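Below you'll find the structure, written out as structure tokens, and then a few comments.
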Amino acid sequence: MVAQHFTHVDTWVFDLDNTLYPPSADLFGQMDGRFSAYVERLTGLDRADALSLCHDYWDVYGSTLSGLMAHHDVDPHHFLADVHDIDISHLNEDHALGCAIGALPGRKIVYTNGSQNHAKRVLAARGLTQQFDAVYGVEHADFKPKPTQDAFSAVFAKDGMTPENAAMFEDESRNLAVPHALGMRTVHVHPLPDDADYIHHHTDHLTDFLSQLVR
């Protein structure tokens, strides 16, 4: 039974985007447009080249923001406020997911490469605000993104958690490498499985998976 692998867990760490809401909500479709528009204004590139640069920075630095800070001296607060100014009115409350998270023993936290404000907006729209004890954004890691070691170290130190007694739920498989190395239980939340050796479990339905952990 999968539950036996989580009996030691007292802190449950959840990514936000495409993890606590379904990828079909396509918030990144809106954000990609805002990323590229921001970079267009900043660099004078056309839309296609601006979007390509955004993706290149994401690949190399872990986030578009990190690349922009490194090469263009971008104000991260201004950038995050701009790109997260999106419509989330189509997100629905998810009572079943809320109950499954709420039933987990111990502390529940959100840790996202987005801003804390973005995370809180999304959690409110999903009816999940009350399920979490803390919400951490990229600003809590001094704007260093997952999957870097420094980012996880900064956020986990702020939270005071013990990684060996924690589990991490993420849609981006590369963001599970450091948690695995720290001794966390890792769960890939994605429609397609990934057989990377730092992933302990895979699920394409977070609510069903969490429901197996508490009997």
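The values are calculated or read from the model by the stated rules, or taken from the named source; none is laboratory data. The structure displayed is predicted, hence computed values, not measured ones. Here the Cβ positions follow ideal geometry from the backbone for every residue, glycine too, while neighbour counts run over all protein chains shown. Please note that ligands, DNA and RNA were not included when accessible areas were found on the heavy atoms of the full protein model with its side chains. Shrake-Rupley method; radii C 1.70, N 1.55, O 1.52, S 1.80 Å.
Centre-to-centre, using Cα atoms only, the range 86-104 and the range 1-35 are separated by 11 Å. Shape class of the range 1-89 from the Cα gyration tensor (axes a ≥ b ≥ c, square roots of the eigenvalues): prolate, since a/c reaches 1.5 or more and a/b is larger than b/c. If you take every residue apart from Ala177 with its C-beta less than 12 Å away from the C-beta of Ala177, what net charge results, scoring Lys and Arg +1 and Asp and Glu -1? Taking every other residue near Ala177 into account, the sum is -2.
Counting Lys and Arg as +1 and Asp and Glu as -1, each charge on the Cβ, what is the dipole of the range 23-116 about the Cα centre in debye, to the nearest 20? The partial results should precede the final answer.
Values: 5 positive and 14 negative charges, 84 e Å.
For this selection, approximately 400 debye.
Extent of the chain along its three principal axes (Cα atoms, max minus min coordinate, largest first): 56, 35, 31 Å.
Any idea what diffusion coefficient the range 44-140 gets from Stokes-Einstein, in µm²/s, Kirkwood Rh on alpha carbon pairs, 4 °C, 1.567 mPa s? Translational D for this selection: 85 µm²/s.
A 1.4 Å probe run over the protein chains yields, for the chain, 46 Å² of accessible area per residue, whole-number rounding.
Think of the chain as a dipole: +1 on every Lys or Arg Cβ, -1 on every Asp or Glu Cβ, centred on the Cα centre; then among Ser66, Ser36, Val2, Val2 lies furthest on the positive end. Across the chain, the relative contact order, built from alpha-carbon pairs under 8 Å that are at least six residues apart, equals 23 percent. Sorting Met31, Met69, Met1 on solvent-accessible area from highest to lowest, probe radius 1.4 Å, gives Met1, Met69, Met31. Of the chymotrypsin sites (Phe, Trp or Tyr not before Pro) found in the range 74-181, no site is in coil according to DSSP while having at most 13 other Cβ atoms within 10 Å of its Cβ.
With the contact rule set at Cα under 8 Å and sequence spacing of 6 or more, what percent relative contact order holds for the range 20-135? Value for the range 20-135: 22 percent.
Specify whether the C-alpha gyration tensor of the range 172-215 places it in the rounded, prolate or oblate class, a ≥ b ≥ c being the square roots of the eigenvalues: rounded for a/c under 1.5, otherwise prolate if a/b is larger than b/c and oblate if not. Please list the in-between numbers first.
On the way: a/c = 2.64, a/b = 1.40, b/c = 1.88.
The shape class here is oblate.
Could you work out how far the C-alpha centroid of the range 161-215 sits from that of the range 44-75, in angstrom? So the separation of the two Cα centres works out to 28 Å. Result for the chain in a Gaussian network model with C-alpha springs under 10 Å: among Gly102, Gly29, Gly62, the largest mean-square fluctuation is at Gly29.
Estimated purely from DSSP H runs of n ≥ 4, each contributing -39500 (n - 2.57), the mean residue ellipticity at 222 nm for the chain is -12500 deg cm²/dmol once divided by its residues. Protein heavy-atom surface of the range 1-151, 1.4 angstrom probe: 50% of the accessible area is carbon and sulfur, with nucleic acids and ligands not counted. Evaluated with a Cβ-only charge set (Lys, Arg +1; Asp, Glu -1), the chain carries a dipole of roughly 660 debye about its Cα centre, given to the nearest 20.
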